[in-house]
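The values are calculated or read from the model by the stated rules, or taken from the named source; none is laboratory data. Please read all numbers here as calculations on a predicted model, not as lab measurements. Glycine gets a Cβ as well: all are built from the backbone with ideal geometry, and neighbour counts include every protein chain shown. With ligands, DNA and RNA removed, areas are computed over all heavy atoms of the protein, side chains included. Shrake-Rupley method; radii C 1.70, N 1.55, O 1.52, S 1.80 Å.
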Amino acid sequence: MQRYLIQRLLYTFVSLVGLSILVFILLRAVPGDAAVILAGDESAMTEEDIDEIRTEMGLNDPLVVQYVRWGGGVVQGDWGISLFTSQPVLSLIWPRLPVSVELGLMAMLFAVLIAAPLGILAALQQDGFSDQVLRFISILFLALPNFWLSTMVLVLGSRWYGWVPPVGYESIFSNPWYNLQQFTIPAIVLGTSLAASLMRMMRSSMLEVMREDYIRTARAKGLVERKVVLRHMLRNSLIPVVTLFGLMAGVVIGGTVITESIFSLPGMGRLVIDTINRRDYPMVQALIMIFGFATLMINLLTDLSYAWLDPRISYSK
Amino acid sequence: MTNSQEPNQTTLDGGTMAVRSDSERPWIIGISKALWNKPLGFWSFFVLLIITVFAIGANWLAPYGIDDSTGLYTAAPGFSHLFGTDHLGRDVLSRTIFAGQVSLRVGFMAVALGTIVGAVAGLVSGYFGGYVDQIIQRIVDVMMSIPTILLALTVIASLGADALNVTLAIGTALAPRTARVARGSALSVKELDYITAAHALGSTPVRVMFRHVLPNAAAPLIVIASVQLGTAIITEASLSYLGLGVPLNVPTWGNMLSGAGLTYMTKAPWMAIFPGLALTTTVLALNLFGDALRDILDPKLRGSK
C-alpha cells in the first residue's frame, strides 16, 4: 500500500508539472498580448512603449526562462499580478473558493442522495415499470444541457412562482438560511446530469453483482433480503460507482463555470469567464491550474478509496 | 438477447472490446440488421437522419432566410410560424434549422479531429509501449485533469473565439479520451498470434498498426465518437452561450439561447425554448444511438441489459 501510495503521489506530481507546462504554453504562446492589454487602447502608446512594457514584464525573455520564473513563483505562493486590478492573483481567487466548493459539494451530495436509492430500486425491479421510467428520465437528463436547464429554471421560476435568486452573496457561516436559498436550486440543477449518470452506473453495477454466486449463497444461508441487499450487493457494486464519481468531479467543476455564470454566484467558475473576457492571462492561468489540481487530487482520492471499499485490492505488489 | 453464443473475448485491461470475426457479411449490413432489432436505437438513428437532412438542406428546407424579417415581432408560435418569430421579426424555425447546420458541423469536425489525433496517439502509445507510452500517457493524464469545457475555454482564451477555433478547442479537449480507448484496444491485441505473424511476414510497424491493430480498435472508437458527438455539440452550445464560442451573428443553438434569447425570455420564451429543444433532442438521440451501437458492437456487454 505504501509503495503504491508513493508511486501514485509521484504520478500526481508529474501530472501537476505537466499541467503547469500545458497551461503556461497555451496562454503565454500568444505573442505579447499582456503588454498590449496593459497598455490599453490609447493610441498614445507607440510600438516602442509597448515593447518597453514587455521588457519590464519579462515577456521578451525566452519562454523557458519565463516558465521557470513563473513556476518558481507558483511554488512560493506568488501566482502573479492580475492585469486588470493589479492585485495579487491569489488574493482575488481566494475569497471565491468557498462559493465553488460549496456549490460543487452540494451538487454531488444531491446527486448521491437521489441516484443511490433510485439506482438500487431500478436494479431490484429490473425491466419493471419503475425501472423503465427511471431509465427514461435518466437518459433524458443526461441530454439536457446544463445551461438550458438553468435558464428554464430561472425564467419559468420567476414567471410561475415569482422566484428570483437572491442577489449578493452571503457565506453559509454568516447567514445559513439566506445562503441555502441562494445555493439549493443551482446545486440541484448542476447535480441532475451527475445524478443521472450515477443512477445508471449504480443500476448496472447492482445488476452485475446480483448474478454473483455469493449472493445466492447469502440467500441460501437464510439472510434476510435487506441484509443481502445492503451488505452484499450494495458494497460490492460501489466500486464502479466510485470510479464514475471521481470522473464526474471534472464534470462538476466544468459545470460550476456555467451554473455560477447563470445564477450570478461569485465563484471561481464565473471568474474564469470574466477573466477570459478581459484577457487577464495570469488570472486564467492560476484558475485553470487550481481546477486541474483539484481534479488530480480527487482522482488520487478515488483511486485510494478502492482499497478501502474492496479489501481484495491491496496495492501491494 | 443471448440467442447467439459469442466467443468469450478476454482482454488485457478488461475495459476494451474486440469485434467479432465470426461473420462473413460486411460489417455495415451486420450493424444495420442488429440496429433494426433495437427499437430505441433504430428510432434515434431515424431522428438523427431527419436532423441531418434538415441541417444539410437548410437552404432549401427552411421557410425563411437567416436574417429575413417577416414583419411580425415576437409573434407566438402558430401556423404561419411554427416556432414563432423573434425580436427582429425573424422566423425562429428557420433560424433553428440554420443553427443546426453550424452546430452539427462544428460538432462533427471537432469529433473527427479529436478521433484522428486521439486514435493515432493512443495506437502508437499502446502498440509501441515503453517510454513512448509513458510520455503519451502522462500528456493524456494532464489533459484529462482539465475538465472538457475548461480545456476548450483555455484554448479559446489563447486563440480567440470563432467557429474554427471552437472546433479546434473542442477537438483538443476530446482527443485524450479517445487516446485512452485506442490504447486499450492496441494493448489487447498486440500480443496476439496474428500480429506476431504479420511481423514475421515482414510488415513494418506502421503497417501492422494501421492494417491489423486499427481495425480492432474501430468498434470502440466508433462508439466513443458517437457519444463524443453529443458532448461536442453541448460544449459548442455552452461556449457560444457564454459568449466565447461561435460569433453571435452566426446562429447556433447556443447563440440563440444567449443574448436576445435571454433578454426576451419572459416576453417571447419560444425564442429560447425551441433551440434548446432541438439541442436536447439531438443529444438525446445521439446518446441512445451510441448506447445501441455499444450493445451491438461490444459482445461482452450484450445480454447484460
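Globularity index of chain A is 1.24 (Cα radius of gyration / 2.2 N^0.38 Å, N = number of residues). So if I take the centroid of the Cα atoms in region B:220-243 and the same for region B:102-146, what is the distance between those two points in Å? Taking the Cα centre of region B:102-146 as reference, the centre of region B:220-243 is 15 Å away. Each listed q (0.12, 0.16, 0.19 Å⁻¹) maps to a log10 I(q)/I(0) for region A:99-223, found by the Debye formula over equal Cα scatterers with no solvent: -0.59, -0.86, -1.05. Calculate the tail of P(r) for region A:63-111: the fraction of all Cα-Cα distances greater than 12 Å, expressed in %. For region A:63-111, the share of Cα pairs beyond 12 Å comes to 70 percent. In whole angstrom, region B:166-211 maps to an equivalent ellipsoid with semi-axes of 30, 12, 5, each derived as √(5λ) from the alpha carbon gyration tensor and ordered largest first.
What would the Debye formula give as log10 I(q)/I(0) at q = 0.05, 0.06, 0.12 Å⁻¹ for the alpha-carbon point model of the protein assembly as shown, no solvent? Each listed q maps to, in turn, -0.24, -0.36, -1.46.
Highest first, please rank the peptides B:143-153, A:70-80, B:275-285 by the mean number of other Cβ atoms sitting within 10 Å of their residues.
B:143-153, B:275-285, A:70-80
The Kirkwood radius of region A:162-317, taken over pairs of alpha-carbon atoms, gives through the Stokes-Einstein law at 37 °C and 0.692 mPa s a diffusion coefficient of 175 µm² s⁻¹.
For region B:36-149, the spread of Cα coordinates along the three principal axes comes to 66, 38, 22 Å, biggest extent given first.
Other protein chain C-beta atoms within 10 Å of residue C-beta, averaged over B:126-134: 0.
Dimensions of region A:43-146 from C-alpha coordinates, computed as largest minus smallest value along each principal axis and given longest first, are 74, 31, 27 Å. Computed from the C-beta positions of A:Asp78 and A:Glu225, the FRET efficiency with R₀ = 45 Å rounds to 0.15. In this assembly, the A-B interface accounts for approximately 3700 Å² of buried accessible surface in total, computed with a 1.4 Å probe and without ligands, DNA or RNA. Semi-axes of the equivalent ellipsoid of region B:181-305 are 44, 18, 8 Å, computed as sqrt(5λ) over the eigenvalues of the C-alpha gyration tensor in descending order. Under the combined filter of DSSP loop state and at most 11 neighbouring Cβ atoms within 10 Å, region A:122-228 retains these trypsin sites (Lys or Arg not before Pro): A:Arg211, A:Lys221.
Burial here means at least 50 square angstrom less accessible surface with every protein chain in place than with the chain by itself, probed at 1.4 Å; in region B:135-154 the buried residues are B:Arg138, B:Val142, B:Ser145, B:Ile146, B:Pro147, B:Leu150, B:Thr154.
Scaled against the 2.2 N^0.38 Å expected of a compact globular protein of N residues, the Cα radius of gyration of region A:242-286 reads 1.30. Normalised by the residues of chain B, what does the relative contact order come to in percent, with Cα pairs under 8 Å and at least six apart? Relative contact order of chain B: 26 percent. Shown is the FRET efficiency for B:Asn59 and B:Asp162, computed with R0 = 22 Å from the Cβ-Cβ distance and rounded to the nearest 0.05: 0.50. The mean sequence separation of alpha-carbon pairs under 8 Å and at least six residues apart, normalised by the residue count of region B:27-142, gives a relative contact order of 17 percent.
What FRET efficiency comes out for B:Leu40 versus A:Gln125 if R0 is 25 angstrom and r is the Cβ-Cβ distance? Round to the nearest 0.05.
E between B:Leu40 and A:Gln125, to the nearest 0.05, is 0.85.
For B:Ile224, what charge total do you get from the other residues with a beta carbon under 11 Å from its beta carbon, if Lys and Arg give +1 and Asp and Glu give -1?
Value of the local net charge: +3.
On the principal axes of its alpha carbon atoms, region B:105-195 extends 49, 25, 15 Å, with the longest extent given first. Legend: mean number of C-beta atoms from other chains within 10 angstrom of residue C-beta atoms, peptide A:149-161, equals 3.
Here the contact order of chain A, divided by its residue count and restricted to Cα pairs under 8 Å and six or more residues apart, works out to 26 percent. For chain B, set up a Gaussian network in which alpha carbons nearer than 10 Å are linked by springs, and say which option among B:Gln137, B:Gln228, B:Gln101 fluctuates the most. Taking springs between Cα atoms under 10 Å, the residue moving most is B:Gln137.
In region B:224-273, the residues that give up 20 Å² or more of accessible area when the other protein chains are added, compared with the chain on its own (1.4 Å probe), are B:Ile234, B:Ser238, B:Tyr241, B:Leu242, B:Leu244, B:Leu257, B:Met265, B:Thr266, B:Pro269, B:Ile273. Extending 7 Å from the Cα toward the beta-carbon at both B:His199 and A:Ser174 defines two label points whose distance is 6.6 nm. Where the accessible area of the protein assembly as shown is counted over protein heavy atoms with a 1.4 Å probe, how much of it, in %, is carbon and sulfur? Carbon and sulfur together cover 66 percent of it.
Taking Cβ atoms as reference points and 13 Å as the exclusive limit, the residues near B:Gly261 contribute a net charge of +2, counting Lys and Arg as +1 and Asp and Glu as -1. Averaging 1/r across all pairs of distinct Cα atoms in chain B and inverting the result yields a Kirkwood radius of 21.2 Å.
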